[in-house]
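**Student:** Sharing a structure, written as structure tokens. Questions coming.
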Amino acid sequence: MKQYDHIKIEKKCPSSAITLRHGKQKLAEYNHKRIEIKWQRIWERKKLYKTVEPKSADTAKNNKCYILDMFPYPSGEGLHVGHPKGYIATDVYSRFKRMQGFNVLHPMGFDAFGLPAENYAIKNKIHPSVAVKKNIKRYKEQLEIIGLDYDWSREVDTTDPEYYRWTQWIFLQLFKKGLAYESNEPINWCPSCKTGLANEDLEDGKCERCSSVVEKKPIRQWVLRITDYADRLLKDIDSLNWPESIKESQRNWIGRSEGSEISFAVEFENGGKPGLVPVFTTRADTLFGATALVLSPEHPWVTLAIDENHKGVLKNAESVGQYVALSKKKTEIERTDAGKEKTGVKLDGVWAINPATKEKIPMFIADYVLADYGTGAVMAVPAHDERDWEFAKKYNIPIRCVIKDEKNYSDTNKENNCKLLKEVFDLSRKHDFIMVLVGGMARLAQSDKKFGLHSDVDVFVTQNGWKIIEKQLADRGFNSKLSTGEKTGSHFWKNHKAFWSDKDGVWLDLFLLEEENGIYFDTIIGKKFVWGNNSVLEDVRVDNFDFTVPNKDLLNSIYQNLSSGWIECFTGEGLLTYSDKFDGLNSKEAKKKITEFVGGKMVTKYKLRDWVFSRQRYWGEPIPLVHCEKCALSNPAGQGVVAVPEKDLPVKLPNVKSYEPTGTGESPLATISKWVNTKCPQCKGPAKRETNTMPQWAGSSWYYLRYMDSKNKKALVDPKKEKYWAPVDLYVGGTEHATRHLIYARFWHKFLYDIGVVSTSEPFTELKNQGLIMGEDGRKMSKRFGNVVNPDDVMATYGADTFRVYEMFMGPFEQSIAWSTQNMIGSRRFLERVWKLGCRFTDTKHETVDRGLEAGTFEIVLNKTIKKVGEDIQGFSFNTAISSLMILLNAMEKTVVTEEQMGVLLQLLAPFAPHMAEELWSAMGNKNSIHIATWPVFDPEKLVEEMVTIAVQINGKVRGQIIVSKDSTEEVVKNQAQGIPEVKKWIDRQQIKKVIYVQGRVVNIVM
RNA sequence: GCUCGAGUGGCGGAAUUGGUAUACGCGCCAGACUUAAAAUCUGUUGACCGCAAGGUCGUGUGGGUUCGAUUCCCACCUCGAGCACCA
């Protein structure tokens, strides 16, 4: 423990108010206020929690432990009791680690740039810098009374120029590496906050801050190329010890999808060939089923087709134009509501060519196709995509099934399918259709016994020379002779078909697929049937049958009926069918082969967008760039954007009176000509500063690095210190940062890793999320519900130690639980009992009372507790750690306890109730702080009692118990078990079949 | 709709390489102390039947595997969280 020499508590305190006791002292009643303030002052004075790096460079790194809380954003409201839960947990953990001899880094700071602080300032008419100072002060006071072990000498504040100089520095490095670029693309614009926002700042298409519906607005902005890191951000998720839900959210957010880019040729009716439209698809295997090409309304091809110069290309350019205009007006929410009915407009006078089938297919525009994902155009495969399916039904696009569902052949399905088949037959009867079934009679005959299907079928075609079997024959029932000409070969046809048709060749298709274990419907519907050219059905032509055909309206109504009812679109993967030479391939292989076949390429796309990094607001880090017209002329590629030299950082945010957002797309900084007009660092001519500021998430994307070396004026962090402390061993905070802070920080960290500033590729190895504390009424704690509990009040009444113990005891750390003051009183009672017990050791000789608990048995309880508390703190199971401390206390109250044993209790309690533990520890005559005492070690020999209780079961039901020596042999235990009266009375009646003994646990007698 | 997580007394919760379900705490009830109350201490407390001995049921529901299932398997229901027209 050498490294802590400097914090040994001295014998005399400089302040007369606080003297350390020499020897044992008599203690008064438990007065939490006096004790807590006293020790907080002493700890601060003694710098008990100050962290120092080891002096020699070769100190083993495995002795360090960097424990980090997500630093708070100090709002005007102050903390409620839910906020400190995570801080208390890391405090318990870090105290435990310190006692175990680790060199602990447990810092704290404040994040205060950005919209919330600025909006608060505007609302309350206080300058943000003043409001932030005030809020930080309040937060810090609130945190201090909890008795947390932060090393405040390392505090960071993201709005401090000495801090944001390095935020700006990182931006410059990104800029130099080409990862920051200027753009004028339309982005999310919050009309209320009057600024552009990143995708991550939205919640359901609304501004995350003020819940206003965002608009798309083209403004000049700075953007960071986070997508360059998408692949690495995704891949490295696997290596992180994070909650699965957070990892899943990040994977989801990054949204990698592998697919193909395939071009569709476009042709005009008049013969013109305007070129190719590329689509992105993850399902190239379904290309043969692509029966339309759908473009987003913003697609450049559409824009071109409806502009003045190309009038006449589209026959319906006007209605197309109207649709495009309508889409533009819609908000993001209206456009992306998946529940709403799909709309679109067919492009008349033009068609696309399916590159696989070479068929002409219709073209549409529809707003369900997103402009900014993939290529802004999709191939519609109605049979195998829900959205296309829905769209196709509405606009009468052919639906063609090209994938067989392999998985769907279970017995239950077979039964269901037969029921469905029956339904179809009933339908055909009702509407006077003719039912034709092709092939598969053997199978059908079997199913038929149950459902009596055959009598409904009018015409059968078998494989034996494609004979048409008359209905009469069918009526007589099937036999194997009829259905299988030869028994050897496969008599299960790959595809079977039942269909209706009219003479015009308008078909209502029903595919019946059959495999070894059943028949089922694959898909139906399609106004025009295309024969697969591999099928046995090739020889079956409509001319072979003499149909009586109902009218088309009726056909249509059945079509509707069927399509809305039991027919489903199959979106899974399977084996290909009706796909020419690719038939029988599985989806996975087919994706590659078909892409290759049509000259496409395999590509990877991400949902993640580049990070819109500028805000048209005052309260943020100025972006350290200048715009110089002269430099733009001499070097057009650079567009006149010049980086502020590193030595001139920080570019300080000017202190101004008026900072309200302008709403013009310009930051309020633009109006401060004194600040804006500057000298170009390159050509020394006149230039203008960049007036956009950075988003709220900038400062928090790297703050954990600054704690390692918070005062460094020369570098963001000293590489030596970084090497020692990195990475953060344990990071604790709320789940709300899953797709914001935690992605941004990983991105910046990886960038800093690439340029050699940090030594690890990931910033946070382990992450834990605390569950919320709800109001006493079970609702989320909020001013609105009037159920907010103020921690200051709680601690004034019950004490910080009680508060801490309760928050850790209330339930599993990750779980949300409602606050209960009543339950908290239980924790207070526990501490009072510890106090009472402790007092017996402080004045004269200790005298706990023997109330019948044997010393040996107690030893075992004590050792078990040492083991369990250590394991539970390590595993963040604080509730069970405290529960076992309660069990220990219960035992201590029933036996004679030694001073040393009392000390162990205090040490185990110290992380949870640091003030009380310290007070009693000190009062018992210890000179050094309990928080730097060595964590107790348990004796493995003393974990099991000599005599163990074993349950005796009869047929698995507990009937009695026996107490045996822990070393008893199996035979002895079994015999003893059969000897007890509760068991005897059962045994007497019946024969014993078997006796099972589980070592030290249970005997089960089977009758 | 998709993904993930969770369903245990009056309440928060404990226990899962399958082995005495309800630890610990809260509340309730009874007793001690008190003129009384609060506080504190002691004891009881899963449900049902029974005077009792004792028995039956019981970890969301229904099945299954097993000598034995809160724990494993299948199907379903409910709640919570996240994502959601991403082709």
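The values are calculated or read from the model by the stated rules, or taken from the named source; none is laboratory data. Bear in mind that the values here come from a model prediction, so they are computed numbers and not experimental data. Ideal geometry is used to build each Cβ from the backbone, glycine not excepted, and the neighbour counts take in all protein chains shown. These accessible areas exclude ligands, DNA and RNA; they are computed on the full protein's heavy atoms, side chains included. Shrake-Rupley method; radii C 1.70, N 1.55, O 1.52, S 1.80 Å.
**Student:** Pairs please, first residue from segment A:318-344 and assigned to a loop (DSSP other than H, G, I, E, B), second anywhere and more than 12 Å from RNA strand B (Cβ to nearest atom) and modelled with pLDDT of 85 or more, Cβ atoms under 8 Å, 6+ apart in sequence or on different chains.
**Tutor:** Within 8 Å, the pairs are A:343/A:323.
**Student:** From A:568, A:621, A:646, which residue is at pLDDT below 90, under 38 Å from the mean Cα position of the chain (by Cα) and among the charged types (D, E, K, R)?
**Tutor:** None of the other options fit; the residue is A:568.
**Student:** When residues of segment A:948-962 are filtered for being open to solvent by 100 Å² or more (accessible area, probe 1.4 Å) and of a type outside the set (D, E, K, R), how many remain?
**Tutor:** Residues flagged as open to solvent by 100 Å² or more (accessible area, probe 1.4 Å) and of a type outside the set (D, E, K, R) within segment A:948-962 amount to 1.
**Student:** Of all residues in segment A:636-671, how many are open to solvent by less than 30 Å² (accessible area, probe 1.4 Å) and assigned to a loop (DSSP other than H, G, I, E, B)?
**Tutor:** So the answer is 13.
**Student:** Would you kindly identify the helices (runs of 4 or more DSSP H) lying entirely within segment A:724-827 that contain at least 1 residues that are of a type outside the set (Lys, Arg), within 27 Å of residue A:909 (Cβ to Cβ) and away from RNA strand B (no atom under 14 Å from the Cβ)?
**Tutor:** Once the helices (runs of 4 or more DSSP H) in segment A:724-827 are filtered for at least 1 residues that are of a type outside the set (Lys, Arg), within 27 Å of residue A:909 (Cβ to Cβ) and away from RNA strand B (no atom under 14 Å from the Cβ), what remains is A:791-798, A:800-809.
**Student:** Let me ask something else about it. Looking at A:667, A:658, A:710, A:700 in this structure, which one is under 28 Å from the mean Cα position of the chain (by Cα), away from RNA strand B (no atom under 16 Å from the Cβ) and of a type outside the set (A, V, I, L, M, F, W, C)?
**Tutor:** Testing whether each residue is under 28 Å from the mean Cα position of the chain (by Cα), away from RNA strand B (no atom under 16 Å from the Cβ) and of a type outside the set (A, V, I, L, M, F, W, C) leaves just A:700.
**Student:** Checking residue A:824 against (1) farther than 20 Å from residue A:734 by Cα; (2) open to solvent by 40 Å² or more (accessible area, probe 1.4 Å), which single condition isn't satisfied?
**Tutor:** With (1) farther than 20 Å from residue A:734 by Cα; (2) open to solvent by 40 Å² or more (accessible area, probe 1.4 Å) applied to residue A:824, the lone miss is (2).
**Student:** Under the condition of being near RNA strand B (Cβ under 7 Å from one of its atoms) and of a type outside the set (Lys, Arg), which residue from segment A:340-370 is most open to solvent (accessible area, probe 1.4 Å)?
**Tutor:** A:370
**Student:** Continuing with this model, one more query. Any residue in segment A:744-752 that is out of contact with any strand residue (DSSP E or B) (no Cβ under 6 Å at 6 or more places or on another chain) and either acidic (Asp, Glu) or open to solvent by 10 Å² or more (accessible area, probe 1.4 Å) (or both)?
**Tutor:** Looking through segment A:744-752, none of the residues is out of contact with any strand residue (DSSP E or B) (no Cβ under 6 Å at 6 or more places or on another chain) and either acidic (Asp, Glu) or open to solvent by 10 Å² or more (accessible area, probe 1.4 Å) (or both).
**Student:** Restricting attention to segment A:264-284, report how many residues are buried (at least 19 other Cβ atoms within 10 Å of the Cβ) and more than 10 Å from RNA strand B (Cβ to nearest atom).
**Tutor:** 3
**Student:** Another question about this same structure. If you check A:206, A:194, which single one turns out to be within 13 Å of RNA strand B (Cβ to nearest atom), open to solvent by 10 Å² or more (accessible area, probe 1.4 Å) and over 16 Å from the mean Cα position of the chain (by Cα)?
**Tutor:** A:206 is the lone residue from the list that is within 13 Å of RNA strand B (Cβ to nearest atom), open to solvent by 10 Å² or more (accessible area, probe 1.4 Å) and over 16 Å from the mean Cα position of the chain (by Cα).
**Student:** Can you name every residue in segment A:672-685 that is open to solvent by less than 100 Å² (accessible area, probe 1.4 Å) and touching a residue at least 40 places away in the same chain (Cβ under 8 Å)?
**Tutor:** A:678, A:680, A:681, A:683, A:685 - these are the residues of segment A:672-685 that are open to solvent by less than 100 Å² (accessible area, probe 1.4 Å) and touching a residue at least 40 places away in the same chain (Cβ under 8 Å).
**Student:** Can you tell me which residues in segment A:254-263 are surrounded by fewer than 19 Cβ atoms within 10 Å (Cβ to Cβ) and near RNA strand B (Cβ under 8 Å from one of its atoms)?
**Tutor:** A:255, A:257
**Student:** Looking at the structure I just gave you, is residue A:100 open to solvent by 20 Å² or more (accessible area, probe 1.4 Å), at pLDDT 85 or above and either closer than 30 Å to residue A:735 by Cα or among the aliphatic types (A, V, I, L, M) (or both)?
**Tutor:** For residue A:100, the condition - open to solvent by 20 Å² or more (accessible area, probe 1.4 Å), at pLDDT 85 or above and either closer than 30 Å to residue A:735 by Cα or among the aliphatic types (A, V, I, L, M) (or both) - is met.
**Student:** While we're looking at this one, here's another question. Could you check, for segment A:63-71, whether at least one of its residues is assigned to a loop (DSSP other than H, G, I, E, B) and modelled with pLDDT of 90 or more?
**Tutor:** yes
**Student:** Moving to a separate point now. Let me spell it out: the conditions are (1) touching an Asp or Glu at 6+ places or on another chain (Cβ under 9 Å); (2) open to solvent by less than 40 Å² (accessible area, probe 1.4 Å); (3) within 16 Å of RNA strand B (Cβ to nearest atom); (4) not hydroxyl-bearing (Ser, Thr, Tyr), and residue A:241 meets all of them except one. Which number is the exception?
**Tutor:** (2)
**Student:** Please enumerate the residues belonging to segment A:747-801 that are touching a helix residue (DSSP H, G or I) at 6+ places or on another chain (Cβ under 8 Å) and β-branched (Val, Ile, Thr).
**Tutor:** A:755, A:757, A:758, A:760, A:773, A:789, A:794
**Student:** Sticking with this structure for a sec: Would you mind stating whether residue A:910 is within 30 Å of residue A:873 (Cβ to Cβ), more than 13 Å from RNA strand B (Cβ to nearest atom) and touching a His at 6+ places or on another chain (Cβ under 8 Å)?
**Tutor:** So residue A:910 fits the description; yes.
**Student:** Determine which member of the set A:985, A:974, A:993, A:957 is farther than 21 Å from residue A:860 by Cβ, touching a residue at least 24 places away in the same chain (Cβ under 8 Å) and either basic (Lys, Arg) or within 8 Å of RNA strand B (Cβ to nearest atom) (or both).
**Tutor:** Unique residue meeting the criteria: A:974.
**Student:** Within the set of pairs 6+ apart or on separate chains, which have a first residue in segment A:358-375 that is over 27 Å from residue A:609 (Cβ atoms), a second that is more than 6 Å from RNA strand B (Cβ to nearest atom) and in a loop (DSSP other than H, G, I, E, B), and C-beta atoms under 6 Å apart?
**Tutor:** Here the result reads A:361/A:291; A:361/A:354, each pair linking segment A:358-375 to a residue that is more than 6 Å from RNA strand B (Cβ to nearest atom) and in a loop (DSSP other than H, G, I, E, B).
**Student:** Identify all residues within segment A:209-238 that are within 14 Å of RNA strand B (Cβ to nearest atom), part of a helix (DSSP H, G or I) and touching a residue at least 60 places away in the same chain (Cβ under 8 Å); write none if there are none.
**Tutor:** A:227, A:230
**Student:** Tell me which of these residue A:315 doesn't satisfy, since it passes every other one: (1) touching a Gly at 6+ places or on another chain (Cβ under 6 Å); (2) touching a residue at least 60 places away in the same chain (Cβ under 8 Å); (3) open to solvent by 70 Å² or more (accessible area, probe 1.4 Å).
**Tutor:** The one condition residue A:315 does not meet is (2).
**Student:** OK, next. What strands (runs of 3 or more DSSP E), lying completely within segment A:239-299, carry at least 3 residues that are touching a Lys or Arg at 6+ places or on another chain (Cβ under 8 Å)?
**Tutor:** Fully inside segment A:239-299 and qualifying: A:257-268.
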